[in-house]
Number of protein chains: 2
Amino acid sequence: MSIVVVGSVAFDGLKTPYGVREKVLGGAATYFSLSASYFTDVRVVGVVGDDFLPEHEAVMNQRGVDTRGIQRAEGKTFFWKGEYGDNVNEAKTLRTDLNVFATFQPQLPPEYLNSDYLFLANIDPVLQMKVCDSMPNAKLVGGDTMNYWIHDHRASLGEMLRRVDVLLINDGETKMLAGDNSLPRAARKVLELGPKALVVKHGEYGATIFFRDGEFAGGHHPFRAPALPLDEVRDPTGAGDSFAGGFMGHIASQDEVTREVLKHAMFYGSVMGSFAVERFGTERLQSLTREEIDERFNTFRELTHLS
Amino acid sequence: MSIVVVGSVAFDGLKTPYGVREKVLGGAATYFSLSASYFTDVRVVGVVGDDFLPEHEAVMNQRGVDTRGIQRAEGKTFFWKGEYGDNVNEAKTLRTDLNVFATFQPQLPPEYLNSDYLFLANIDPVLQMKVCDSMPNAKLVGGDTMNYWIHDHRASLGEMLRRVDVLLINDGETKMLAGDNSLPRAARKVLELGPKALVVKHGEYGATIFFRDGEFAGGHHPFRAPALPLDEVRDPTGAGDSFAGGFMGHIASQDEVTREVLKHAMFYGSVMGSFAVERFGTERLQSLTREEIDERFNTFRELTHLS
């Protein structure tokens, strides 16, 4: 089955303790697409400027990603520049040039509309809603957001949350959205806002999925996937979007969305996140094999499972 | 099999978002003893003052803990007063009165010396070493320490680390001890200092055990146990010592110390930590049943295991 992802396609300037990159391919939709491409057909919707060259698009096409939904606009592509210190969980934003992304109006090519799965990467919730409404028959909608929308665009975010089946955010965003400093309590409050499941990403400590009571045929117990204790996190950029790509990609590759499928998806999300951070930008996600993915999946199992 | 624990027996003054307690039974050895008592015979070594009454000792005796190693000294018992805000992982120390603990010289009753297991709670590494040397035939020695010893008593701590089989500390202590901000790298450096295994406690995110290559018959893969996402952490005091009690207690209850035993011990550690924080002080650890423990063990399994 295929999945549509809507979000940023961008260039990033990166500085980490392991080096500097002036301008590499980035953006949430890019990381998501590459990651999900190992599991299912991916169709991407975004906007780029004049500086986005065929070689950049080819990175996605080489992984089989359908890029017909990438619009061209006059001007430059979204550019983000960030720096990471010793704490790889915290990016310091040095520069954000929205460029053509500032007036992005997602438009789904008609060929995309029969997709069963949709992922709304972190963009204006008003746009997320519009996309959502254009795919009313989607079997499952995943979504992301961030502090800015939680803090300053609460009303439209609330509308968007009623349309999203699975929300993927981090600890801080969950607590902010719920106004509660206890994570499990905050998670329950977020689930009352709409989503049937909430994936809370804990950075180097993995991620937890919380289920709304009665959804996905099971009890109320949450499920936690670990992150790999990696010696060297070269570039944390895109870890969350790569997680989302593995998570949604696995779901889209299965016949049904059961609780067990969601649990496995949590592991695949962690697996893809762990690969993404091993090298700068999308480098590692371009050259994986399904074998490497399954091998790491088993490593994650060994990391947490008792015999 | 029996286990000897050496450490503080104390009174705590506690303030958390859930309430205030002026003076309740506390101390690392106390939490450890009560926790481990559900798994094996426990013998405690510590020092108390005149204000330590029979009713306090009875709390341990009721759980079958051998308290013949608790020395009496003139003066008051160690008193610690702390406060927790919204972040339950961070205690703010309001007062520390070492009292009789300041001149503590651990002395093991002769009846204790045949124990196979030893846990050195967080005290001066010079004292930890002395105790260790008095039990040269111990099958496994576990130990704890803290920032103060790492920072200001490095030489004696180094000596102590060469005698400890399993060290249990938290993320910050591991990074500080290794002088490295990458946790997996820091863990490897700590293992080079002596211990065969290192348990790094991540607070609400669980704990990871790292193994020295070739030890406990297995590869180099670490193992992670989750923490339970608890709605209400009423009082985080003693969570780490309760973890250590469950961890060491389970080990001491088994015939051999295999890697699989250590993995299960990680889960039992997390289980006991999760109980400890549900109520103030040692209250919850006094009234558990083995059935409740096994039930929660299964909940932890469900929280992390794929079928």
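The values are calculated or read from the model by the stated rules, or taken from the named source; none is laboratory data. Being a predicted model, the structure only gives us computed values, none of them experimental. No Cβ is skipped: glycine too gets one built from the backbone with ideal geometry, and neighbour counts run over all protein chains shown. Areas reflect the complete protein model, heavy atoms only, side chains present, ligands, DNA and RNA absent. Shrake-Rupley method; radii C 1.70, N 1.55, O 1.52, S 1.80 Å.
Go through the stretch B:265-285 residue by residue and tally those that are within 14 Å of another protein chain (Cβ to nearest Cβ), touching a residue at least 24 places away in the same chain (Cβ under 8 Å) and of a type outside the set (S, T, N, Q).
The qualifying residues number 7.
Which condition does B:Asp255 not pass, out of (1) in contact with a strand residue (DSSP E or B) (Cβ under 7 Å, 6 or more places away or on another chain); (2) open to solvent by 10 Å² or more (accessible area, probe 1.4 Å); (3) closer than 16 Å to B:Asp41 by Cα, if it passes all the others?
For B:Asp255, the exception is condition (1).
Say whether the condition of being touching a strand residue (DSSP E or B) at 6+ places or on another chain (Cβ under 9 Å) and either closer than 25 Å to A:Glu256 by Cβ or surrounded by fewer than 24 Cβ atoms within 10 Å (Cβ to Cβ) (or both) is met by at least one residue in the stretch A:154-163.
yes
Tally time: how many residues in the stretch B:96-105 are in contact with a Ser or Thr (Cβ under 8 Å, 6 or more places away or on another chain) and either of a type in the set (Lys, Arg) or in a strand (DSSP E or B) (or both)?
0
Could you look through the stretch B:183-206, keep only residues that are in contact (Cβ under 8 Å) with a residue 40 or more places away in the chain and open to solvent by 10 Å² or more (accessible area, probe 1.4 Å), and pick out the one that is farthest from A:Gly203 (Cα to Cα)?
If we take residues in the stretch B:183-206 being in contact (Cβ under 8 Å) with a residue 40 or more places away in the chain and open to solvent by 10 Å² or more (accessible area, probe 1.4 Å), then B:Lys201 is farthest from A:Gly203 (Cα to Cα).
Is it the case, given these coordinates, that B:Leu288 is aliphatic (A, V, I, L, M), out of contact with any Gly (no Cβ under 8 Å at 6 or more places or on another chain) and within 14 Å of chain A (Cβ to nearest Cβ)?
no
Name the one entry in A:Pro226, A:Pro184 that is within 9 Å of chain B (Cβ to nearest Cβ), modelled with pLDDT under 95 and within 17 Å of A:Ala265 (Cβ to Cβ).
When all the criteria are applied, what remains is A:Pro226.
Kindly indicate which of A:Phe280, A:Phe275 is more than 27 Å from A:Glu159 (Cα to Cα), out of contact with any helix residue (DSSP H, G or I) (no Cβ under 9 Å at 6 or more places or on another chain) and open to solvent by less than 30 Å² (accessible area, probe 1.4 Å).
A:Phe280
Is it fair to say B:Thr258 is farther than 25 Å from A:Pro184 by Cα and within 14 Å of another protein chain (Cβ to nearest Cβ)?
yes
Looking only at the stretch B:198-212, count how many residues are more than 14 Å from chain A (Cβ to nearest Cβ) and out of contact with any helix residue (DSSP H, G or I) (no Cβ under 6 Å at 6 or more places or on another chain).
Residues in the stretch B:198-212 being more than 14 Å from chain A (Cβ to nearest Cβ) and out of contact with any helix residue (DSSP H, G or I) (no Cβ under 6 Å at 6 or more places or on another chain): 0 in total.
Do we have any residue at all in the stretch A:36-49 that's assigned to a helix (DSSP H, G or I) and at pLDDT 95 or above?
Taking every residue of the stretch A:36-49 in turn, at least one turns out to be assigned to a helix (DSSP H, G or I) and at pLDDT 95 or above.
Within the stretch A:89-115, which residues are in contact with a Lys or Arg (Cβ under 9 Å, 6 or more places away or on another chain), crowded, with 18+ Cβ neighbours inside 10 Å and on the phi < 0 side of the Ramachandran plot?
A:Val100, A:Pro106, A:Leu108, A:Tyr112, A:Ser115
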